[in-house]
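Structure record follows, encoded as structure tokens.
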């Protein structure tokens, strides 16, 4: 190990350029006026709009900001410019920007460098790296895609930008992995969560709805219709119970777009896309092409159960959804049937284990809960092995083979849905089934979990519900009970 | 016939359903809706659906042709007729100007929607069809016992985009 000590000549050479620079304005607006950005096919000086100035002010005052916005409003640009300004004033400054994918990360990084062109008399970039922008003798910005595991091993990050949160599956993990790197920064940290609307579930939706006293979806509609605004139409913000700013920005707040009376129709033609996409991307509507099968209110209404031990006055049913050693789960929900109601009282859910391991644990549960009826899914072949093993070991119980097909799956799901509607199927509020129910959707003619999500617990429960007395004796008359 | 003259006021939906044995033909119209013009585009939010015509019978091409032809002359304002059988669509098409083929799979979406609407009494079934519908409702099953009038109604319900 040897150490190279730089000589004075090298040190002087490095700092000569820095020492000749002008002093960066303390005011953000003055700073961005010096930046050059691409706008409307021209290179222009960055002259922020009202809502962009507001974001800068909110970033100075609040630590957490959740922004739901229309497309093409220059929100990312404002955040980057704010980070650049802070980096230009503080040697120890470090900001982390998580963009949707690596293409977005490099595009935003290039935009940041483009802004620096107009600032060449004030700051000089000290790196050519696309993912890392260091200002000479000053702060730094990281541009990362959202597929990696956050910002572990980075030291004291002050600001975070999480872009297109609703469209990144890993964002929740990234946020939790990244937050510790700002632990020492305390109140100096700003975290921005930005996205256009997507479906009414997932991390961004939860974030947007957390700690509110109001219906955020309705607020978005009111803002888009000009009924609700602060200062200018198309702009509304409030601080929730935990001090997080919820900011809604519609294209009506943009001085150029708002002049166009039929902007949405224009976008429809320009983007050559469907109305649903335009409504979602530009008009703040939370809609998704794939349709949610289970209503969120229904799912939450039935989350009133609890994990329980064996109760000899009840009957127990179970559904087994098997998996191999891949990413899918092997699931055995134990359903307690009492007073014409099923409750999920125990859930066996394991993955990446051998069949012997699963069979041992399933066997223990069958004995523990004195289960008399089990439905085993045999489509795909793996379930058949479980069926045979369990049949050999437990001769006294009724094991029913279930095939999941294009016809039977909708029927089983519809049974589950009916049970939920009638409040005949309950589960604990921390059960993984809740997340699965919320992300279970109809995509075209298929019923399946959203990308990156699972439906094993749903299917396990659906098998259990199918063999339970709730539906076993009522094979006909799905509209039963309706009197015209 | 005059009682149906306002079919054009809100949307009307019609459907013809087939299986290997029989057919069901249902015409519905939306009532108590609300027309909203938003940025120049008409958006119709509907609240109730009324069955204005329903018939079913054994599968006979001649019978179906005559029923559809009658339908075409009486309900001139029908927007479209959805048919769940791609082979029969040509037979039906000749009797009616607008006819489209739509696969129908007894989806949960349609059943759930229809159940909610029926429970809320938002599907209005005239007295003349009530008995037939009630009989089918009591025994309808999406896989084991599909029935023509309910299936036709479900196909109509599926076409409704914006219920209030």
Notebook entry, point to check: Is it the case that segment A:286-298 has a residue that's in contact (Cβ under 8 Å) with a residue 24 or more places away in the chain and under 27 Å from residue A:48 (Cα atoms)?
Noted result: no
Check: For segment A:32-80, how many residues meet the condition of being buried (at least 17 other Cβ atoms within 10 Å of the Cβ) and part of a helix (DSSP H, G or I)?
Finding: 14
Note to self: Being in contact with a helix residue (DSSP H, G or I) (Cβ under 8 Å, 6 or more places away or on another chain) and farther than 22 Å from residue A:246 by Cβ: is that true of residue A:137 here?
What the structure shows: yes
Check: From the set of residues in segment A:291-314 that are surrounded by 18 or more Cβ atoms within 10 Å (Cβ to Cβ) and in a strand (DSSP E or B), which is nearest to the other protein chains (Cβ to nearest Cβ)?
Finding: A:292
Next item on the list: Determine which member of the set B:121, B:113 is more than 8 Å from chain A (Cβ to nearest Cβ) and either in a loop (DSSP other than H, G, I, E, B) or modelled with pLDDT under 75 (or both).
Entry: B:121
Item checked: Test result for residue A:209, in the same structural domain as residue A:78 (by TED's automatic domain parsing) and more than 25 Å from residue A:146 (Cα to Cα) -> no
Notebook entry, point to check: Any idea how many residues of segment B:88-110 are within 14 Å of chain A (Cβ to nearest Cβ), modelled with pLDDT of 70 or more and surrounded by fewer than 16 Cβ atoms within 10 Å (Cβ to Cβ)?
Noted result: 2
Next item on the list: Output the residues belonging to segment A:254-271 that are farther than 24 Å from residue A:47 by Cα, within 12 Å of another protein chain (Cβ to nearest Cβ) and in a helix (DSSP H, G or I).
Entry: A:264, A:265, A:266, A:267, A:268
Next item on the list: Kindly indicate whether residue A:332 is in contact (Cβ under 8 Å) with a residue 60 or more places away in the chain, in a strand (DSSP E or B) and under 21 Å from residue A:424 (Cα atoms).
Entry: yes
Item checked: Positions within segment B:61-87 being at pLDDT below 80, assigned to a helix (DSSP H, G or I) and farther than 13 Å from residue B:26 by Cβ, in sequence order -> B:72, B:73, B:74
Margin query: Please go through segment B:124-147 and give me each residue that is under 14 Å from residue B:15 (Cβ atoms) and either within 9 Å of chain A (Cβ to nearest Cβ) or touching a helix residue (DSSP H, G or I) at 6+ places or on another chain (Cβ under 8 Å) (or both), ordered by number.
Written below: B:147
Check: Among the numbered criteria (1) in contact (Cβ under 8 Å) with a residue 40 or more places away in the chain; (2) closer than 16 Å to residue A:344 by Cα, which single criterion is violated by residue A:455?
Finding: (1)
Item checked: Condition met for residue A:161 (assigned by TED's automatic domain parsing to the domain that holds residue A:67 and touching a helix residue (DSSP H, G or I) at 6+ places or on another chain (Cβ under 6 Å)) -> yes
Check: Considering only residues of segment A:115-141 that are outside any loop (DSSP other than H, G, I, E, B) and surrounded by fewer than 16 Cβ atoms within 10 Å (Cβ to Cβ), which is nearest to the chain's Cα centre (by Cα)?
Finding: A:132
Notebook entry, point to check: Among the helices (runs of 4 or more DSSP H) confined wholly to segment A:364-479, which include 2 or more residues that are buried (at least 20 other Cβ atoms within 10 Å of the Cβ) and within 13 Å of chain B (Cβ to nearest Cβ)?
Noted result: A:408-421, A:456-467
Check: assigned to a helix (DSSP H, G or I) and within 28 Å of residue A:293 (Cα to Cα) - does that describe any residue in segment A:191-204?
Finding: yes
Next item on the list: Determine whether segment A:280-290 contains at least one residue that is under 30 Å from residue A:348 (Cβ atoms) and not in a helix (DSSP H, G or I).
Entry: yes
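Which one of these is in the same structural domain as residue A:222 (by TED's automatic domain parsing) and in a strand (DSSP E or B): A:95, A:112, A:87? Spell out how you get there, then give the answer.
On the way: A:112 fails: in a strand (DSSP E or B); A:87 fails: in a strand (DSSP E or B).
Result of the check over A:95, A:112, A:87: A:95.
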Notebook entry, point to check: Looking at segment A:230-253, which of its residues are buried (at least 17 other Cβ atoms within 10 Å of the Cβ) and either assigned to a loop (DSSP other than H, G, I, E, B) or not assigned by TED's automatic domain parsing to the domain that holds residue A:55 (or both)?
Noted result: A:233, A:234, A:240, A:244, A:250
Note to self: The conditions are (1) modelled with pLDDT of 90 or more; (2) surrounded by fewer than 19 Cβ atoms within 10 Å (Cβ to Cβ), and residue A:4 fails exactly one of them. Which is it?
What the structure shows: (1)
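The values are calculated or read from the model by the stated rules, or taken from the named source; none is laboratory data. In this text the structure is predicted, and so the values were computed from the model without any measurement. Here the Cβ is made from the backbone with ideal geometry for all residues, glycine too, and neighbour counts use every protein chain on show.
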